[in-house]
1. List Ser120, Ser90 from most exposed to least, where exposure is judged by having the fewest other Cβ atoms within 10 Å.
2. Suppose each label sits 7 Å from its Cα in the direction of the beta carbon; what would the Ala97-Trp126 distance come out to in nanometres?
3. Figure the gain on full extension for Glu62 and Ala43 (residue separation times 0.36 nm, minus the Cα-Cα span) and round it to one decimal in nm.
4. Based on DSSP H assignment, which helices of the chain show an axial Cα extent of at least 20 Å together with a mean Kyte-Doolittle hydropathy greater than or equal to 1.0?
5. For Cα pairs less than 8 Å apart in space and 6+ apart in sequence, what is the mean separation divided by the residue count of the chain, i.e. the relative contact order in percent?
6. Label points 7 Å out from Cα along the Cβ direction at Leu76 and Val27: separation in nm?
Amino acid sequence: MTTDLRYLAYTAILTAALWIPYVVCQVRTNGFLQPPNYVDPTARPVPLWGKRADRAYLNAVEVFAPFAALVIVAHLAGKANAMTAFWAMSFFWLRVAHAVVYLLAIPYVRTALFTLGFVSVAGLFWEVIK
């Protein structure tokens, strides 16, 4: 398995695991779901850290698809190289840092990490189209 595909898998696992803090917050705050919760899908109130956990998860889901598509296209097109591996690796570690900083409510660093994540996707895109 190439490095870029390995980091794609790592990013998928990270994205899949980011719902856990939100669910933990929901259960600690409101208890387990009851039958009326299934009838009315309105979100139950949670503390601010739970809302941030939910947003960190949703943000990871939103940015995963373009990243995954570019890694797969690079691999299928035979353009996977050291630079695509670098961009995939940097995207993963920036997503890890973004999730941690988002959960800790550090605003300016969060924005910088999000922007750098966008740069890594743009770099991956450049490697695919050149």
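1. Details: Ser120 21, Ser90 18.
Arranged by neighbour count, lowest to highest, Ser120, Ser90 become Ser90, Ser120.
2. It works out to 1.8 nm between the two label points.
3. Details: separation 19, 0.36 × 19 = 6.84 nm, distance 1.98 nm.
Full extension of this stretch gives 4.9 nm more.
4. Details: long enough: 3-17 (21 Å, 0.69); 48-76 (42 Å, 0.82); 82-103 (32 Å, 1.32); 107-129 (33 Å, 1.30).
Counting only whole DSSP H runs, the qualifying helices are 82-103, 107-129.
5. Working: 121 pairs, mean separation 43.1, N = 130.
Normalised by residue count, the contact order of the chain is 33 percent.
6. Going from the Leu76 label point to the Val27 one covers 3.8 nm.
Where a number appears in this text, it was derived from the coordinates with a stated rule and is not lab data. Since the model is a prediction, treat every value here as computed from it, not as a measurement. With ideal geometry, Cβ positions are generated from the backbone for all residues, glycine too; neighbour counts draw on all protein chains shown.
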